[in-house]
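Everything below concerns the one structure shown next.
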Amino acid sequence: SLSRLFSIGNYQAQVNCTDGYTNGSSNLVNFAVNNTPPHIDLIALANATQFSSSSNPFNFSWNATDFSNTSLNCNLLINSSVNATVTGVLSGTNSSVVVNASRGFGYTWGINCTDGNLSNQTSFRVFNVTNTPPTFTQNMNAYSLISNRTFFRRVNGSDIDGDVIIFGDNSSRFDINS
């Protein structure tokens, strides 16, 4: 057993073995010394992106490369907490995770990857998941009526986010029946 501190670089060592009777063998060993953590490029979601909650699920993607290891383990971090783990990420290839996110503002996301020895974490990007307002399912044109006549209008609406719709008017002149 031999030990020595090496600086960063590529090395070749020759190992010789003899048995004391002039019988010997020799072998070359190549090795690299690296202290560079994985490099990570975020692909999507773009920074400061606004999404409707109806766009769920969201596809988070990145590319991680490493000098010394072809297989990486990566974590998707949302608001600084591990949300998903991907093992066996091939160095230099795009990777992605599909995640549902509830409505909210100021979410952050980033990736942390390790090559088994060193880790690296990206800076965080921000995204928001907004609520889409309900829509009326028929035309809401203005009406003209003769005075002292009953006005009746059936109004229906839909909400792409699946929220409960509450109907109301902007005055106290109407009775609203669900």
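The values are calculated or read from the model by the stated rules, or taken from the named source; none is laboratory data. Everything quoted here is computed from the prediction, not taken from an experiment. Positions of Cβ are backbone-derived with ideal geometry, glycine not excepted, and every protein chain shown enters the neighbour counts. Heavy atoms of the whole protein, side chains included, go into the accessibility calculation; ligands, DNA and RNA do not. Shrake-Rupley method; radii C 1.70, N 1.55, O 1.52, S 1.80 Å.
Working out 0.36 nm times the residue gap between residue 132 and residue 79, then minus their Cα-Cα distance, what length gain in nm do you get to one decimal?
Here the segment from residue 132 to residue 79 would lengthen by 16.8 nm.
Give me the net charge of residue 92's neighbourhood, meaning all other residues with Cβ under 15 Å from the Cβ of residue 92; Lys, Arg count +1, Asp, Glu -1.
-3
Summing +1 for each Lys or Arg and -1 for each Asp or Glu, what net charge is found among the other residues whose Cβ lies under 14 Å from the Cβ of residue 138?
Charge balance in the 14 Å sphere: +2.
If you work out Rg and Dmax of the Cα atoms in Å from the coordinates, which of [x] 31.1, 123; [y] 17.4, 51; [z] 30.0, 117 do you get?
[x]
Counting heavy atoms of the protein chains only and a 1.4 Å probe, report the per residue accessible area for the range 1-68 as a whole number of Å².
In whole numbers, the range 1-68 has 72 Å² accessible per residue.
With Cβ to Cβ distances under 13 Å as the rule, what net charge do the other residues near residue 32 carry (K, R +1; D, E -1)?
Surrounding charge for residue 32 is -2.
Contour minus end-to-end for residue 153 and residue 41, with contour as 0.36 nm per residue of separation and end-to-end as the Cα-Cα distance?
Values: separation 112, 0.36 × 112 = 40.32 nm, distance 5.51 nm.
The residue 153-residue 41 span can extend by a further 34.8 nm.
How much accessible surface area, in Å² rounded to 10, belongs to the heavy atoms of residue 43 with a 1.4 Å probe?
80
Output the relative contact order of the range 27-168, whole-number percent, from Cα pairs under 8 angstrom with separation of 6+ residues. All intermediate terms of the calculation are to be shown ahead of the outcome.
On the way: 284 pairs, mean separation 36.3, N = 142.
The value is 26 percent.
Based on the Cβ-Cβ distance from residue 48 to residue 96, what FRET efficiency comes out when R0 is 25 Å, to the nearest 0.05?
Efficiency computed from Cβ-Cβ geometry: 0.80.
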